[in-house]
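Note sheet for the following structure.
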Amino acid sequence: MMNILSLKMWFNLYPGALTPFFQYALITLVVVFLAMTVLVKFKYKQNKKTLYAKSWLSLFNFSVTGLVIGIFMLFFTYETVPFLSARFWFLIWFLIHAVWGYSIYRRLKRLPDIRQEIEKRKEFNKYIPK
């Protein structure tokens, strides 16, 4: 456990291959992003003209980006490319996706309020003469 907390482990430019556990964990993460990409694309096509279209599209972009970066990380760590398989790339990838996921979550959390506002506007406009 101490190896994970050391700066030498995270910023070593010649880190070597991943252990089998972490290799399988990275493969699993890539498969999860692949499944998420397919599912979200299907849901986006279903809800193209709804209030949720932008949210589905941002989730699709999130999952495609995670899938592509994950495949690259998997390739570079498997081939032990010196600079591109450095462990700090995993930290950068995690932090960027965490911030991006949080912004998507905040947008999804606001959707019920937006829906209520649209319903109130429709109700109000019903009584306004045209």
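Computed from the coordinates by the stated procedures, all read-outs in this text should not be read as laboratory data. This structure is a prediction, so every number in the text was calculated from the model and none was measured. Here the Cβ positions follow ideal geometry from the backbone for every residue, glycine too, while neighbour counts run over all protein chains shown.
Odds and ends about this structure:
- The chain, helix-only ellipticity at 222 nm - DSSP H runs n ≥ 4, -39,500 (n - 2.57), divided by all residues, nearest 500: -26500 deg cm²/dmol
- Helix 88-126 axis, angle to the chain major axis (alpha carbon atoms, nearest 10°): 10
- Put a plus charge on the Cβ of each Lys and Arg, a minus charge on the Cβ of each Asp and Glu, and nothing anywhere else: the dipole of the chain about its Cα centre is then about 1000 debye.
- Distribution of pairwise C-alpha distances over the chain, 10 Å bins, in %: 11, 30, 25, 16, 10, 5, 3, 0
- Cα-based helix-to-principal-axis angle, 20-46 vs the chain, degrees rounded to 10: 20
- The long axis of helix 53-79 is offset from the longest Cα principal axis of the chain by roughly 10 degrees.
- 24 Å Cα-Cα threshold exceeded, pairs from Lys49/Lys109; Lys43/Lys122; Lys45/Lys122; Lys54/Lys120: Lys43/Lys122; Lys45/Lys122
- Comparing Pro112, Ser55, Leu91 along the charge dipole axis of the stretch 15-126, the residue lying farthest to the positive side is Pro112, per the Cβ-charge model.
- Relative contact order (%) - the chain, alpha-carbon pairs under 8 angstrom, separation at least six: 34
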